[in-house]
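A.B. asks: Next up is a structure, given as structure tokens.
Since every read-out is calculated from the coordinates, none of them should be taken as a lab result. Please read all numbers here as calculations on a predicted model, not as lab measurements. Every residue, glycine as well, gets a Cβ built from its backbone with ideal geometry; the counts of neighbours run over all protein chains shown.
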Amino acid sequence: MSFDLVIFDCDGVLVDSEVISCRVHAELLTAHGYPISADEVRARFLGRSAREATREVEAALGRALPADFDTQLKGRLLDAFAASLQPMPGIVAALGQIALPVCVASSGTPEKIAASLTRTALLARFAPHVFSAVQVAHGKPAPDLFLLAAAEMGAEPARCLVIEDSVPGVTAARAAGMTAFGFCGGSHCQAGDAARLAAAGAATIFDAMADLPGLIAQHLDRKETLVADR
Ligand SMILES: [Mg+2]
């Protein structure tokens with residue numbers, strides 16, 4: 001037994017972006033008449049696409065946000081990322097120790113994913129195996145994006161491992177029939193996140209990327225032991 005593919009979420013897993021994203025998103029929604037804090041944005045929209053967040057806010061407001069709202073948000077996010085985005089601590093060394101094929105599957109737009117991975121010098125490790133929610137009808141928590149990534153990479157869903165920091169992401173991985181590891185080491189993580197990720201179906205929870213290569217090996221050993229015992 002071995003995994004054939006490791007699928008990484010981008011925001012909050014590869015790059016430490018969620019604190020920046022939630023602050024910028026909250027500021028722009030507030031400026032357009034929907035007062036909301038960065039913490040509320042985090043609780044309601046983390047792991048989901050901007051398109052779906054906008055749809056939900058418009059339903060609550062009973063009116064449309066400006067037609068260029070998503071473009072405004074994207075512009076502000078790219079500016080903020082260019083100024084301060086960092087790779088997740090330990091991710092470069094961890095990727096160097098993982099010999100399995102890897103790819104990225106993110107709720108972000110292709111432009112945002114490319115900008116994030118370029119700014120943090122991670123793009124070369126993954127390109128061209130980078131998949132965005134805009135390629136599927138339904139974003140996380142639906143399984144569509146992870147199933148697309150597995151199909152494009154030629155891997156069986158049951159032999160894929162997903163690394164996720166959000167409940168919608170873990171839910172999507174489980175709905176796709178994949179194993180999920182929940183990561184709660186980003187700057188945005190709070191008490192209770194580990195329990196929420198476990199409740200959503202994460203097989204393992206970890207908070208340091210340095211631990212990931214060992215956790216993958218342990219998980220595979222454990223599976224082999226279970227099969228041998230049967
Ligand atoms: Mg994420």
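A.B. asks: Can you list the HN-Hα couplings for segment 131-148, worked out from phi with the Karplus curve (6.51, -1.76, 1.60; θ = phi - 60°), rounded to whole Hz and with x for Gly and Pro?
C.D. replies: With coefficients 6.51, -1.76 and 1.60, one gets 10, 10, 4, 5, 7, 10, 6, 10, x, 3, x, 5, x, 3, 5, 5, 5, 4 Hz.
A.B. asks: So which residue, out of R44, R76, R23, gets the largest mean-square fluctuation from a GNM of the chain using Cα contacts under 10 Å as springs?
C.D. replies: Among R44, R76, R23, the largest GNM mean-square fluctuation belongs to R44.
A.B. asks: Taking the beta-carbon count within 10 Å as an exposure proxy, list M209, M88, M178, M153 from fewest neighbours to most.
C.D. replies: Numbers: M209 21, M88 25, M178 28, M153 17.
Neighbour counts put them in this order, fewest first: M153, M209, M88, M178.
A.B. asks: Which whole-number percentage describes the relative contact order of the chain, with Cα contacts under 8 Å and a sequence gap of 6 or more?
C.D. replies: Details: 374 pairs, mean separation 59.1, N = 230.
Worked out over the chain, it gives 26 percent.
A.B. asks: Roughly how large, in nm² to one decimal, is the mean projection of the convex hull of the alpha-carbon atoms in the chain?
C.D. replies: The directionally averaged projection comes out at 12.3 nm².
A.B. asks: Under 19 Å from the 7 Å Cα→Cβ point of A210, by amide nitrogen: which residues of segment 165-197?
C.D. replies: Hits in segment 165-197 for A210 at 19 Å: 183-187.
A.B. asks: When N is the residue count of segment 18-84, what does its C-alpha Rg come to as a fraction of 2.2 N^0.38 Å?
C.D. replies: Dividing the Cα radius of gyration by 2.2 N^0.38 Å gives 1.02.
A.B. asks: Right, something else. Write down the Å³ per residue value for the convex hull defined by the alpha carbon atoms of segment 43-143. Show your work: numbers first, answer last.
C.D. replies: On the way: hull volume 13.0 nm³, N = 101.
Roughly 129 Å³ of hull volume per residue.
A.B. asks: Where both residues lie in the chain, what percent of DSSP beta bridges are antiparallel, nearest 5?
C.D. replies: The answer is about 5 percent antiparallel.
A.B. asks: On to the next question. If each of E40 and A99 carries a label point 7 Å out from its Cα toward its Cβ, how far apart are those two points in nm?
C.D. replies: The answer from the label model is 5.1 nm.
A.B. asks: Follow-up. Name the residue, out of R51, R63, R196, whose mean-square fluctuation peaks in a Gaussian network model built on the chain with Cα pairs under 10 Å.
C.D. replies: Result for the chain, Cα springs under 10 Å: R63 fluctuates most.
A.B. asks: For T30 and T118, what does the FRET efficiency come to when R0 = 30 Å and r is the distance between their Cβ atoms, rounded to the nearest 0.05? Please list the in-between numbers first.
C.D. replies: Numbers: r = 29 Å, r/R0 = 0.98.
Calculated transfer efficiency: 0.55.
A.B. asks: Let me ask another. Provide the gained length on full extension for the span Q86 to R159, in nm with one decimal, where the gain is 0.36 nm per separating residue minus the Cα-Cα distance. Walk me through the numbers on the way to the answer.
C.D. replies: On the way: separation 73, 0.36 × 73 = 26.28 nm, distance 3.02 nm.
Length difference between fully extended and current span is 23.3 nm.
A.B. asks: Taking H placed 1.01 Å from N in the peptide plane, check which residues at least 5 places from L5 or on another chain put their amide H under 5 Å from its amide H.
C.D. replies: Sorted by chain and number, the residues that satisfy this are L161.
A.B. asks: To the nearest 10 degrees, how steeply does helix 18-31 sit against the main Cα axis of the chain, on a 0 to 90 scale?
C.D. replies: Tilt of helix 18-31: around 20 degrees.
A.B. asks: Work out the FRET efficiency for E111 and Q218 from their Cβ-Cβ distance, taking R0 = 41 Å, and round it to the nearest 0.05.
C.D. replies: Numbers: r = 37 Å, r/R0 = 0.90.
Calculated transfer efficiency: 0.65.
A.B. asks: Between A64 and E152, what is 0.36 nm times their sequence separation minus the Cα-Cα distance? Round to one decimal in nm.
C.D. replies: Values: separation 88, 0.36 × 88 = 31.68 nm, distance 3.56 nm.
So the extension gain works out to 28.1 nm.
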